[in-house]
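Peer 1: What follows is a single structure, and I will ask about it in a moment.
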Amino acid sequence: MSSAVQIAATPLMDRLIARTVRKRRPLSVHFDLTYRCNERCVHCYLDHEDHGELTTSECINALEQLARAGALFLTFSGGEIFLRKDLEEILTVARRLQFDISLKTNALLVTPERARMLHRLGVRRVQISVYSNEAAVHDAITKVRGSLQRSLAAIPLLQEQGILVKLACPLMKQNLMAYRGVMALAEQLGVPYVLDMTITPMMDGSQEPLEHRVSSEALLPILQDTALQSCGTKALPGAGESLPNFLQNFSPTLGSSVSSGIESNAYEDLPCSAGHNSCYVSPYGDIYACVQLPMPAGNLREESFEHIWENAPALERIRSVRESQLPVCSRCEIRSYCERCPGLAWMEGGDLLGAYERACSLAEQKARIAGAVNPKSAWRSETPESGMSRACPVPASGDSAVRN
Amino acid sequence: MNVAAGGVWQKNPSLAWREIDDETVIISPGESVMHELNDTGSFVWKNIDGQRKAEDLAALLVEQYEVTLETALADTLSLLEELSRRKLLLPAEGGAAR
């Protein structure tokens, strides 16, 4: 018998991921408590109406089900979570259920009292959206005058409570070249940051936010910026294993500010964590594999989480996808440069298994930077007559690229 | 640090943890550090309730696994000491932990 605490040679998180994928445990959950918001960001993929949010008791019931199912990493997001008057009550239950709690917020409503409350309830990390270090740029995106100043004022309040703060900066036409300022701001504040080049369609399928998206050509200066590749993970002192990037985030500077899935090489032939060991809960109780893959799997008001997680055809379909079997992308010569997201493939291309223009053109840019001569994705190579600007493929039977 | 068989411990209330298929993952929020317990470590962990002494936990191990009380107590004390060193356990209020 050995009851010792283990520190194995294989990174602990990779083994945990492999085990939870194999056993199909929802290790990481992204729970949007509301879509209401006190900002009106131009690129936002949500509408801000309340269409019947889960009540406090429904949220608590959902948390209890998630804990029983094995969920450990819990991210509360929105909308703006501090608009939920019962946030403290919900966090209290999450603490009682021993979740590892992270929040995503614009921090406009963080006060010293609320920062103390978050510490008391064991919130480990708070991600704050910052679009620029210049108020005029940031406030023009949020459409709230003074919002940058208020968001930044929250950071020391949280840091004083020992809460990890991370800046998230989605990049779009309005703030593309502000990224250096955000990097400098993060360094000045001593916090990690993520620059996110992903602007997605709205949850209802509307393509309106995409007008703010920067072309892949215009992203070249960022993709080539060596400063973005040089930031390493800082090991923290203490026994055990420091949490990896997605939890601690001193490292990734380019990535997703929206998804709360776990990034790792342990997924091997799987596209990502979505539906395998992570999922999304909407403010209305809808279960999706990921916020960026809103293929309805079920609703907590109608079925238990366990039943949805174990039986939903949508989740089964997502789980069946293997990178090596993607009809076009598996043949692509520049696949190693591609960060294809199955959710965006579904939302933008209409096909969970398909290629989509954005990923292909970004991969081509990265391959070009790496020295490839006239790189072409498999999709572009195989559809020369229409190039990458063709209309989306027809969704497979039963699919809809329009989220509801 | 020596952990006494008669000591009483409780889980650090600030921890996040989950038992997943007989193994337990524990996160210390202050340090953002993750720890893992195997099946027997998990068995001891979930029976630490702020009431049971090390010798009580060892007795439970004897009931659950094929192991002598002497071995079970030695392993339990070793585990408690390690968990305490990592600040995953705290002396139980009103209990003499060591």
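The values are calculated or read from the model by the stated rules, or taken from the named source; none is laboratory data. Predicted model, so just to flag it, every value in this text is computed and none were measured. No Cβ is skipped: glycine too gets one built from the backbone with ideal geometry, and neighbour counts run over all protein chains shown. The accessibility values were calculated without ligands, DNA or RNA, using every heavy atom of the protein model including side chains. Shrake-Rupley method; radii C 1.70, N 1.55, O 1.52, S 1.80 Å.
Peer 1: Go over the candidates A:94, A:71 one by one and state the one that is modelled with pLDDT of 95 or more, within 13 Å of chain B (Cβ to nearest Cβ), surrounded by 20 or more Cβ atoms within 10 Å (Cβ to Cβ) and assigned to a loop (DSSP other than H, G, I, E, B).
Peer 2: A:71
Peer 1: Here is a follow-up. Given the criterion surrounded by fewer than 22 Cβ atoms within 10 Å (Cβ to Cβ), within 14 Å of chain B (Cβ to nearest Cβ) and assigned to a loop (DSSP other than H, G, I, E, B), identify the matching residue among A:25, A:36, A:40.
Peer 2: Criteria check complete, one pass: A:25.
Peer 1: Going through region A:140-185 one residue at a time, which ones are of a type in the set (Gly, Ala, Ser) and closer than 17 Å to residue A:106 by Cβ?
Peer 2: If the condition is that a residue be of a type in the set (Gly, Ala, Ser) and closer than 17 Å to residue A:106 by Cβ, then A:140, A:146, A:147, A:151, A:153, A:154, A:168, A:178 are the ones that fit.
Peer 1: Exactly one condition in (1) out of contact with any helix residue (DSSP H, G or I) (no Cβ under 6 Å at 6 or more places or on another chain); (2) modelled with pLDDT of 90 or more; (3) small (Gly, Ala, Ser) is false for residue A:255; which is it?
Peer 2: Among (1) out of contact with any helix residue (DSSP H, G or I) (no Cβ under 6 Å at 6 or more places or on another chain); (2) modelled with pLDDT of 90 or more; (3) small (Gly, Ala, Ser), the lone unmet condition for residue A:255 is (2).
Peer 1: Being open to solvent by less than 10 Å² (accessible area, probe 1.4 Å) and farther than 24 Å from residue A:118 by Cα is the filter here, so list the residues in region A:184-199 that pass it. Quick ask: steps written out before the conclusion?
Peer 2: Going through region A:184-199, the residues open to solvent by less than 10 Å² (accessible area, probe 1.4 Å) turn out to be A:186, A:194-196, A:199.
Of everything in region A:184-199, those that are open to solvent by less than 10 Å² (accessible area, probe 1.4 Å) and farther than 24 Å from residue A:118 by Cα turn out to be A:195, A:196, A:199.
Peer 1: Would you confirm, using the coordinates I've provided, whether residue A:154 is closer than 18 Å to residue A:193 by Cα and either open to solvent by 40 Å² or more (accessible area, probe 1.4 Å) or assigned to a helix (DSSP H, G or I) (or both)?
Peer 2: It is true that residue A:154 is closer than 18 Å to residue A:193 by Cα and either open to solvent by 40 Å² or more (accessible area, probe 1.4 Å) or assigned to a helix (DSSP H, G or I) (or both).
Peer 1: If the requirement is being touching a strand residue (DSSP E or B) at 6+ places or on another chain (Cβ under 6 Å) and at pLDDT 95 or above, which of these qualifies: B:9, B:17?
Peer 2: B:17
Peer 1: Which of (1) out of contact with any helix residue (DSSP H, G or I) (no Cβ under 6 Å at 6 or more places or on another chain); (2) open to solvent by 10 Å² or more (accessible area, probe 1.4 Å) is the odd one out, the single condition residue A:80 does not satisfy?
Peer 2: It fails just one condition, (2).
Peer 1: Related question: Exactly one of these conditions fails for residue A:300: (1) more than 20 Å from the chain's Cα centre (by Cα); (2) more than 30 Å from residue A:61 (Cα to Cα). Give me its number.
Peer 2: All conditions are met except number (2).
Peer 1: Name the single residue that is surrounded by the most Cβ atoms within 10 Å (Cβ to Cβ) among those in region A:271-312 being free of Cβ contacts under 8 Å to residues at least 24 places away in the same chain and assigned to a loop (DSSP other than H, G, I, E, B).
Peer 2: A:297
Peer 1: A further question on this structure: Condition first: facing chain A (nearest Cβ under 9 Å), without any contact (Cβ under 8 Å) to a residue 24 or more places away in the chain, assigned to a helix (DSSP H, G or I) and not hydroxyl-bearing (Ser, Thr, Tyr). Now tell me which residues in region B:66-82 satisfy that.
Peer 2: Matches in region B:66-82: B:72, B:82.
Peer 1: Hey, another quick one. Residue A:140: open to solvent by 10 Å² or more (accessible area, probe 1.4 Å) and either assigned to a strand (DSSP E or B) or touching a residue at least 12 places away in the same chain (Cβ under 8 Å) (or both), yes or no?
Peer 2: When the stated conditions are applied, residue A:140 passes them.
Peer 1: For region A:56-68, which positions are open to solvent by 10 Å² or more (accessible area, probe 1.4 Å) and either in contact (Cβ under 8 Å) with a residue 60 or more places away in the chain or within 18 Å of residue A:88 (Cβ to Cβ) (or both)?
Peer 2: Here is the first cut: in region A:56-68, the ones open to solvent by 10 Å² or more (accessible area, probe 1.4 Å) are A:56-58, A:60-61, A:64-65, A:67-68.
Of everything in region A:56-68, those that are open to solvent by 10 Å² or more (accessible area, probe 1.4 Å) and either in contact (Cβ under 8 Å) with a residue 60 or more places away in the chain or within 18 Å of residue A:88 (Cβ to Cβ) (or both) turn out to be A:56, A:57, A:58, A:60, A:61, A:64, A:65, A:68.
Peer 1: Restricting region A:181-210 to residues that are free of Cβ contacts under 8 Å to residues at least 12 places away in the same chain and part of a helix (DSSP H, G or I), which is nearest to residue A:363 (Cα to Cα)?
Peer 2: For region A:181-210, the residue satisfying everything is A:210.
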